[in-house]
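Undergrad: Have a look at this one before I ask anything.
The values are calculated or read from the model by the stated rules, or taken from the named source; none is laboratory data. What you see is a predicted model; the values in this text were computed from it and never measured. Quick reminder, even Gly has a Cβ in these numbers, built from the backbone with ideal geometry, and neighbours come from all protein chains shown. For the accessible areas, the whole protein counts, side chains as well, though only heavy atoms, and no ligand, DNA or RNA atoms are used. Shrake-Rupley method; radii C 1.70, N 1.55, O 1.52, S 1.80 Å.
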Amino acid sequence: FAEDGFNVNDLLQKIASLNKYSEHPLAQAIVNHAKEKNVSFSAVKDFKAIAGKGVTGTVDGKIIALGNKKLMEEMHSSIPPALGEKINKEQESGKTVSYISIDESAIGYITITDKIKETSKKAIEDLLNNGIEIIMLTGDNAGTAKAVADELHLTGFKAEVLPEDKLKEIKRLQAEGKKVAMAGDGINDSPALAQADVGIAMGTGTDVAIESAEITLVKGDLHGIVKAKKLSAGVMKNIHQNLLFAFIYNTLGVPIAAGILYPFFGILLSPMIAAVAMSFSSVSVIANSLRLRNLKL
C-alpha cells in the first residue's frame with residue numbers, strides 16, 4: 001500500500017532493491033515478488049541492517065527505510081494517523097507489516113502473510129501434549145503475535161523483542177531451572193540459539209543461525225523437533241538398558257571368575273567360557289543398540 005501521490009510499483013522497486021542485500025527470509029519474499037512483477041533493481045548505497053528493526057539505505061538519491069515501528073522511531077519518520085490505523089487493522093488480522101519511509105516520512109507499508117504449515121501445527125500440538133511449554137519470541141507487533149499464538153494455543157508469547165531481549169528471556173528461563181530449547185532461523189536469533197541448552201536452527205535460515213545451533217533441521221520443518229525428542233528419549237532409554245546388561249554381566253561374571261563358587265561347589269570358570277561370556281555381553285549391548293533403527297519417529 002502506498003499513500004496518495006506515490007506509485008506502488010515504484011515503491012516496490014525501491015524496497016526490493018534494498019532487500020536484495022538482506023538475508024532475512026521476509027526480505028527474500030519481497031525480492032521474489034518483485035522478480036515475479038518483472039521489476040528492475042536499482043543500486044543501493046549505505047545499506048544497513050538494524051537487528052530486530054529492519055533495513056535502511058539510499059536508493060535513487062532517497063533515504064529508504066523498511067521495518068517495524070521501532071525503526072520508524074529511530075529514523076524519526078512521522079506516521080500519518082490514517083496510515084497508522086490501516087496498519088493496525090492489518091496487524092490485528094495476524095499479518096506481518098513493515099513500514100516504508102522515504103526521507104523521514106512514512107508513506108506506505110507492505111504486508112506479508114506467512115501461512116502456518118500443517119506439519120508445524122501438528123508438531124506444536126504434539127510437544128504441548130507432552131507437557132512442553134512453548135513460548136514465541138518475535139520482533140513482530142503484539143497484534144500479529146497474539147493472533148498466531150491464539151491459533152497455535154501456545155503457552156505464551158512476547159512481541160516486539162530485539163535480539164538482546166530474546167537472549168535475556170532464555171537466560172531468565174534457565175535461571176528458573178528450566179531446560180531451554182530454542183528454535184530460530186535468523187541473524188536476530190543467533191545469540192539466543194547459542195545461549196539455549198539446545199539450539200535448533202532451520203536449514204532454510206541464515207548461515208549464522210546454523211553455526212550458532214547444535215541441531216539443524218535441514219528441511220526447516222518443526223516436526224523435526226518432535227522426531228529429535230523421540231530419538232533422544234529412545235537413545236537414553238537404550239543407554240540405561242545397556243548399562244543394566246553390563247551391570248548384570250559383571251555382577252555375576254566377575255565373582256564367578258574370581259572363584260566364589262569353588263569353596264562350595266568346586267566350580268571354576270574356564271577362561272574360554274569367560275571369554276565367550278564377555279563377547280556375548282558386547283554382542284547383546286550392540287544388538288540392543290541396533291533396535292534404535294526400528295524406533296518410530
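Undergrad: Assuming G220 fulfils every condition listed in (1) in a loop (DSSP other than H, G, I, E, B); (2) loosely packed, with under 15 Cβ neighbours inside 10 Å; (3) not charged (D, E, K, R) apart from one, which condition is it?
TA: Unmet condition: (2).
Undergrad: Ok, one more. From the list L127, L162, which residue is open to solvent by less than 50 Å² (accessible area, probe 1.4 Å), under 16 Å from the mean Cα position of the chain (by Cα) and farther than 29 Å from L71 by Cβ?
TA: On the way: L162 fails: farther than 29 Å from L71 by Cβ.
Being open to solvent by less than 50 Å² (accessible area, probe 1.4 Å), under 16 Å from the mean Cα position of the chain (by Cα) and farther than 29 Å from L71 by Cβ holds for just one of L127, L162, which is L127.
Undergrad: In segment 225-241, what residues are without any contact (Cβ under 8 Å) to a residue 60 or more places away in the chain and either more than 20 Å from K296 (Cβ to Cβ) or not β-branched (V, I, T) (or both)?
TA: Residues satisfying the conditions are A228, S232, A233, M236, K237, N238, H240, Q241.
Undergrad: Moving on to the next point. So, K146, is that one out of contact with any strand residue (DSSP E or B) (no Cβ under 9 Å at 6 or more places or on another chain) and either open to solvent by 70 Å² or more (accessible area, probe 1.4 Å) or at pLDDT below 95 (or both) or not?
TA: Details: out of contact with any strand residue (DSSP E or B) (no Cβ under 9 Å at 6 or more places or on another chain): no; either open to solvent by 70 Å² or more (accessible area, probe 1.4 Å) or at pLDDT below 95 (or both): yes.
No: the conditions fail for K146.
Undergrad: Among the candidates V235, V208, single out the residue that is within 22 Å of A51 (Cβ to Cβ), out of contact with any Asp or Glu (no Cβ under 6 Å at 6 or more places or on another chain) and in a helix (DSSP H, G or I).
TA: Working: V235 fails: within 22 Å of A51 (Cβ to Cβ).
So the residue among V235, V208 that is within 22 Å of A51 (Cβ to Cβ), out of contact with any Asp or Glu (no Cβ under 6 Å at 6 or more places or on another chain) and in a helix (DSSP H, G or I) is V208.
Undergrad: How many of the residues in segment 7-22 are surrounded by fewer than 18 Cβ atoms within 10 Å (Cβ to Cβ) and either in contact with a Cys (Cβ under 7 Å, 6 or more places away or on another chain) or not charged (D, E, K, R) (or both)?
TA: 4
Undergrad: Then there's this: In segment 66-88, which residues are out of contact with any helix residue (DSSP H, G or I) (no Cβ under 9 Å at 6 or more places or on another chain) and charged (D, E, K, R)?
TA: K70, E73, E74, E85, K86
Undergrad: Specify which of the listed residues (L167, L193) is more than 12 Å from the chain's Cα centre (by Cα), part of a helix (DSSP H, G or I) and in contact (Cβ under 8 Å) with a residue 12 or more places away in the chain. Don't jump to the end; show me each part of the working.
TA: Numbers: L193 fails: more than 12 Å from the chain's Cα centre (by Cα).
Just a single option satisfies the conditions, and that option is L167.
Undergrad: Select from segment 23-45 the residues that are at pLDDT 85 or above and either open to solvent by less than 30 Å² (accessible area, probe 1.4 Å) or not in a helix (DSSP H, G or I) (or both) and list them in ascending order.
TA: I30, V31, A34, K37, N38, V39, S40, F41, S42, A43, V44, K45
Undergrad: Next up: Take the conditions of a type outside the set (A, V, I, L, M, F, W, C), open to solvent by 40 Å² or more (accessible area, probe 1.4 Å), out of contact with any Cys (no Cβ under 9 Å at 6 or more places or on another chain) and outside any helix (DSSP H, G or I) and apply them to T251. Does it pass? Outline the logic, then answer.
TA: Working: of a type outside the set (A, V, I, L, M, F, W, C): yes; open to solvent by 40 Å² or more (accessible area, probe 1.4 Å): yes; out of contact with any Cys (no Cβ under 9 Å at 6 or more places or on another chain): yes; outside any helix (DSSP H, G or I): no.
So T251 fails the test.
Undergrad: Taking only segment 92-105 into account, find how many residues are modelled with pLDDT under 90, on the phi < 0 side of the Ramachandran plot and more than 22 Å from the chain's Cα centre (by Cα).
TA: Residues that pass the stated criteria total 3.
Undergrad: Hey, can you tell me all the residues within segment 55-70 that are open to solvent by 20 Å² or more (accessible area, probe 1.4 Å) and not charged (D, E, K, R)? Steps first, answer last, please.
TA: Kept after step one, since they are open to solvent by 20 Å² or more (accessible area, probe 1.4 Å), are these residues of segment 55-70: 58, 60-63, 68-70.
Once the filter is applied, which keeps residues that are open to solvent by 20 Å² or more (accessible area, probe 1.4 Å) and not charged (D, E, K, R), segment 55-70 yields T58, G61, I63, N68.
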